[in-house]
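S.K.: Handing you this structure, nothing more for now.
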Amino acid sequence: MRGDAMVISNTEEIPGRRIRELHGLVSGSTVRAKHIGRDIMAGLKNLVGGELKGYTELLQEARQEALERMLEQARSTGANAVVNVRFQTSSVAQGAAELFAYGTAVTVE
Amino acid sequence: MDGPETFGSFNWLRLLLPFGLLAMGFFIGKAIENAHLRSLHRREIHWRRIPVSTLDAPPEGWRVTRAGLVDGSVVVSIDHWKRLLAGLRAIFGGRIRAYESLLERARREALLRMQENAHQRGFHGVVGTRLETARLATASRDGNGTAGVEILAFGTGVERAR
């Protein structure tokens, strides 16, 4: 979870840095569907329970993409950091999930 | 083309299959759960050196030189045997231990992964930690199953000046 040179934190301030300028809310999202192979594997895994690795990876990738889009937006405002980042996951439809990331774009020294 | 008698000879299999799958789920599920608990215990001791806090401020006396977002996540599902027990439990109400155990293990796993992520990226601690739970709907035809539950742990990793 690292954007090049952009600092991201989920706290109101970045420890050890001072916020100079506020650029407002930035966000990024993506909607992903599970592909059928993963779904079948998950169905088999359901027999014994436990981790569904395919889904874990899928959601990690999706969250990464949502973050990237958020960072892109932050860069376009001239920010070099995003603070107070929050995530939201919602099942928008059968077999699909939305990953949403948002935060406040700032310039830190 | 299958005649009715060909199909009939497999009736015993079709009758036993659900029970076989339930038994398999029970025994393998139990073994996996125990192995996971042992692994969690071992790694929790190991990762104590990366302190995790839900406060925004780093621990007293830490001079922070670098910070960045860290996370860990896991998607878990429950086996059919436990799902059946949970369904029975829902008739009478009360605690569903099977789900409690699953979610507890998933949270511990997500936190450990966050600590591992923090360590990989050279951070010495995590502040502002949050835990989120999301239910993933299944794409199956019956439409009422749960594909799994995602637990996400995230926070801000901090590097401490030496």
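S.K.: Condition first: more than 25 Å from B:Phe123 (Cα to Cα) and at pLDDT below 95. Can you find one or more residues in the stretch A:1-15 that meet it? It would help to see each step written out before you state the result.
M.R.: So in the stretch A:1-15, the residues more than 25 Å from B:Phe123 (Cα to Cα) come out as none.
No, the stretch A:1-15 has no match at all.
S.K.: Filter the stretch B:123-156 down to the residues that are at the interface with chain A (Cβ under 7 Å from one of its Cβ atoms), part of a strand (DSSP E or B) and at pLDDT below 90 and list them by number.
M.R.: B:Ala134, B:Arg135, B:Leu136, B:Ala137, B:Ala147, B:Gly148
S.K.: Would you confirm whether any residue within the stretch B:101-121 is more than 27 Å from A:Phe100 (Cα to Cα), facing chain A (nearest Cβ under 7 Å) and at pLDDT below 95? Give the steps one after another, and end with the answer.
M.R.: Within the stretch B:101-121, the first condition is being more than 27 Å from A:Phe100 (Cα to Cα), and the residues that meet it are B:101.
Adding the requirement that they be facing chain A (nearest Cβ under 7 Å) leaves none.
Checking the stretch B:101-121: not a single residue is more than 27 Å from A:Phe100 (Cα to Cα), facing chain A (nearest Cβ under 7 Å) and at pLDDT below 95.
S.K.: Let me ask you something else. Of all residues in the stretch B:92-132 being over 20 Å from B:Glu44 (Cβ atoms) and among the hydrophobic types (A, V, I, L, M, F, W, C), which is surrounded by the fewest Cβ atoms within 10 Å (Cβ to Cβ)?
M.R.: Selected residue: B:Phe92.
S.K.: Select from the stretch A:55-98 the residues that are touching a Ser or Thr at 6+ places or on another chain (Cβ under 8 Å) and assigned to a loop (DSSP other than H, G, I, E, B) and list them in ascending order. Steps first, answer last, please.
M.R.: Pass one, the stretch A:55-98, residues touching a Ser or Thr at 6+ places or on another chain (Cβ under 8 Å): A:56, A:59-60, A:62-63, A:65-66, A:69-70, A:73, A:78-85, A:94-95, A:97-98.
Scanning the stretch A:55-98 gives A:Gly78, A:Ala79, A:Asn80, A:Gln94, A:Gly95.
S.K.: Right, something else. Given the options B:Arg63, B:Arg160, B:Arg135, B:Arg89, name the one that is among the basic types (Lys, Arg), surrounded by fewer than 15 Cβ atoms within 10 Å (Cβ to Cβ) and over 16 Å from the mean Cα position of the chain (by Cα).
M.R.: Among B:Arg63, B:Arg160, B:Arg135, B:Arg89, only B:Arg63 is among the basic types (Lys, Arg), surrounded by fewer than 15 Cβ atoms within 10 Å (Cβ to Cβ) and over 16 Å from the mean Cα position of the chain (by Cα).
S.K.: I'd like the full set of residues that are surrounded by fewer than 18 Cβ atoms within 10 Å (Cβ to Cβ) and over 12 Å from the mean Cα position of the chain (by Cα), limited to the stretch A:51-72.
M.R.: Answer for the stretch A:51-72, where residues must be surrounded by fewer than 18 Cβ atoms within 10 Å (Cβ to Cβ) and over 12 Å from the mean Cα position of the chain (by Cα): A:Lys53, A:Glu57, A:Glu72.
S.K.: Right, here's the next one. Exactly one condition in (1) more than 8 Å from chain A (Cβ to nearest Cβ); (2) modelled with pLDDT under 80; (3) farther than 18 Å from B:Leu37 by Cβ is false for B:Arg95; which is it?
M.R.: Among (1) more than 8 Å from chain A (Cβ to nearest Cβ); (2) modelled with pLDDT under 80; (3) farther than 18 Å from B:Leu37 by Cβ, B:Arg95 violates only (2).
S.K.: Quick one: in the stretch B:26-55, which of the residues that are loosely packed, with under 14 Cβ neighbours inside 10 Å and aliphatic (A, V, I, L, M) is nearest to the chain's Cα centre (by Cα)?
M.R.: Selected residue: B:Ala35.
S.K.: Restricting the search to the stretch B:17-42, which residues are in contact with a Gly (Cβ under 9 Å, 6 or more places away or on another chain) and modelled with pLDDT under 80?
M.R.: So the first thing to find is which residues in the stretch B:17-42 are in contact with a Gly (Cβ under 9 Å, 6 or more places away or on another chain), and the list is B:25, B:28-29, B:32-33, B:36.
Scanning the stretch B:17-42 gives B:Gly25, B:Gly29.
The values are calculated or read from the model by the stated rules, or taken from the named source; none is laboratory data. These numbers were taken from a predicted model, which means no experiment stands behind them. Cβ atoms come from the backbone with ideal geometry, glycine included; neighbour counts cover every protein chain shown.
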